[in-house]
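Visitor: My questions will all concern the structure given below.
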Amino acid sequence: MSATRYTYLGPEGTFTEAALRTLPEAATRELVPMVSVPAALDAVRNGEAAAALVPIENSVEGGVTATLDELASGEPLMIYREVLLPIAFALLVRPGTSLSEIKTVTGHPVAQPQVRNWLRAHLPEAVWESAASNADGARLVREGRFDAAFAGEFAAATYGLEALVTEIHDAENAETRFVLVGRPARPAAPTGADKTSVVLWLGDDHPGALLELLQEFAVRGVNLMLIQSRPTGAGIGNYCFAVDAEGHISDRRVGEALMGLKRICPKVRFLGSYPRAGVSAEDVSALRRGTSDVEFMEASDWLTRAQDGRA
């Protein structure tokens, strides 16, 4: 395995690359762009890279399904950290192009909902066609296949384009969450401001099946930050659920919730416990009564005494 190589959703000039370069260790790694999320993750599975940075969620469209599906299937991988990146698009064109000349535009499919209103207001006749990534859209503009691309302003220099319009976004404070993914290993020690990610499969479809899963978290005071259903490929109505929960697997409330889920789910895939981006332990709300590690241990001690006739 190359311990110095990180892959990411390429080509050069993507928001994913910009997010990766915010990590201190990126300065000492070989950063290799890949054509897709599966390709970036397969490089880790195959030992060609130590880790991959891929998008997993954005504040406008929700989960990035390509990443969620890849993490739910295939050889297991694990999330080690997350990165939040504010997102604003620029309209990149070949030098000298005016707004009135733009008839075709491109960008990543996830970008379209984030610029839809701007397009309607300023380029209502323009035809949209999706690209593999925003940076790939910029490359296609350079090659003359489209008139303009929505991408990061920083991509303009890479592809010999100019930013005709900047700071384009339909939603203020839009941001995308990226995750650094590697091969499974022992999670890092808890920080007090952590997140645990899992994928859960339902045993069978019956009334209250999803509620049973959620109750394993609720009764232990574990707050959920994301839950998204994804088809398993086994036919209509068959789903698994990607879940992000507050806390670390070493926290008693989280560990016991996962044990409860393992008892009732035919399959549970642990995707990692890792620090929440931009959050410190001081920012985390106080735990509900009865859900701290101390209280879990006191309850366990009480049960032992009761079993010994000493309660």
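The values are calculated or read from the model by the stated rules, or taken from the named source; none is laboratory data. In this text the structure is predicted, and so the values were computed from the model without any measurement. Neighbour counts run over all protein chains shown; Cβ positions are idealised from the backbone, glycine included. Remember, those area values only see protein heavy atoms, side chains included, never the ligands or the DNA or RNA. Shrake-Rupley method; radii C 1.70, N 1.55, O 1.52, S 1.80 Å.
Yes or no, residue by residue, for (1) in a helix (DSSP H, G or I); (2) open to solvent by less than 80 Å² (accessible area, probe 1.4 Å); (3) over 29 Å from residue 183 (Cβ atoms):
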| position | (1), (2), (3) |
| --- | --- |
| 256 | yes, yes, no |
| 270 | no, yes, no |
| 278 | no, no, no |
| 285 | no, no, yes |
| 289 | no, no, yes |
| 298 | yes, no, yes |
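Visitor: Which residues, counting only those in segment 264-280, are out of contact with any helix residue (DSSP H, G or I) (no Cβ under 9 Å at 6 or more places or on another chain) and within 17 Å of residue 204 (Cα to Cα)?
Guide: 266, 267
Visitor: Mind checking which residues of segment 50-109 are open to solvent by 10 Å² or more (accessible area, probe 1.4 Å) and aromatic (Phe, Trp, Tyr)?
Guide: 80
Visitor: Scan segment 7-41 residue by residue and report those that are in contact (Cβ under 8 Å) with a residue 24 or more places away in the chain and among the charged types (D, E, K, R).
Guide: 12, 17, 29, 30 - these are the residues of segment 7-41 that are in contact (Cβ under 8 Å) with a residue 24 or more places away in the chain and among the charged types (D, E, K, R).
Visitor: Of these, 210, 200, 180, 224, which one is open to solvent by 40 Å² or more (accessible area, probe 1.4 Å) and touching a residue at least 24 places away in the same chain (Cβ under 8 Å)?
Guide: Every option except 210 fails the conditions.
Visitor: When you go through (1) open to solvent by less than 50 Å² (accessible area, probe 1.4 Å); (2) farther than 30 Å from residue 56 by Cβ; (3) free of Cβ contacts under 8 Å to residues at least 60 places away in the same chain one by one for residue 311, which number turns out not to apply?
Guide: In the conditions (1) open to solvent by less than 50 Å² (accessible area, probe 1.4 Å); (2) farther than 30 Å from residue 56 by Cβ; (3) free of Cβ contacts under 8 Å to residues at least 60 places away in the same chain, residue 311 misses (1) alone.
Visitor: Let me ask you something else. What's the number of the condition residue 249 fails, among (1) at pLDDT 95 or above; (2) surrounded by fewer than 17 Cβ atoms within 10 Å (Cβ to Cβ); (3) in contact with a Leu (Cβ under 7 Å, 6 or more places away or on another chain)?
Guide: (2)
Visitor: Which of the residues spanning segment 195-226 are more than 21 Å from residue 277 (Cβ to Cβ), modelled with pLDDT of 90 or more and assigned to a loop (DSSP other than H, G, I, E, B)?
Guide: Of everything in segment 195-226, those that are more than 21 Å from residue 277 (Cβ to Cβ), modelled with pLDDT of 90 or more and assigned to a loop (DSSP other than H, G, I, E, B) turn out to be 219, 220, 221.
Visitor: Here's a check for you: in segment 161-172, which residue that is in a loop (DSSP other than H, G, I, E, B) and touching a residue at least 60 places away in the same chain (Cβ under 8 Å) is surrounded by the most Cβ atoms within 10 Å (Cβ to Cβ)?
Guide: 161
Visitor: How many residues are of a type in the set (Val, Ile, Thr), at pLDDT 95 or above and touching a Gly at 6+ places or on another chain (Cβ under 9 Å) if we restrict to segment 156-183?
Guide: Total meeting the criteria: 2.
Visitor: Count, please, the residues in segment 258-267 that happen to be surrounded by fewer than 17 Cβ atoms within 10 Å (Cβ to Cβ) and either part of a strand (DSSP E or B) or touching a residue at least 12 places away in the same chain (Cβ under 8 Å) (or both).
Guide: Adding up the residues that qualify gives 3.
Visitor: Got a number for residues in segment 147-160 being under 29 Å from the mean Cα position of the chain (by Cα) and outside any helix (DSSP H, G or I)?
Guide: Qualifying residue count for the region: 8.
Visitor: Out of 106, 97, which single residue is in a strand (DSSP E or B) and farther than 12 Å from residue 178 by Cα?
Guide: None of the others qualify; the one that does is 106.
Visitor: Any chance segment 133-145 includes a residue that's open to solvent by 10 Å² or more (accessible area, probe 1.4 Å), among the charged types (D, E, K, R) and over 21 Å from residue 35 (Cα atoms)?
Guide: Within segment 133-145, not a single residue is open to solvent by 10 Å² or more (accessible area, probe 1.4 Å), among the charged types (D, E, K, R) and over 21 Å from residue 35 (Cα atoms).
Visitor: Please enumerate the residues belonging to segment 227-237 that are loosely packed, with under 14 Cβ neighbours inside 10 Å and either basic (Lys, Arg) or assigned to a loop (DSSP other than H, G, I, E, B) (or both).
Guide: Passing the criteria: 233, 234, 235, 236, 237.
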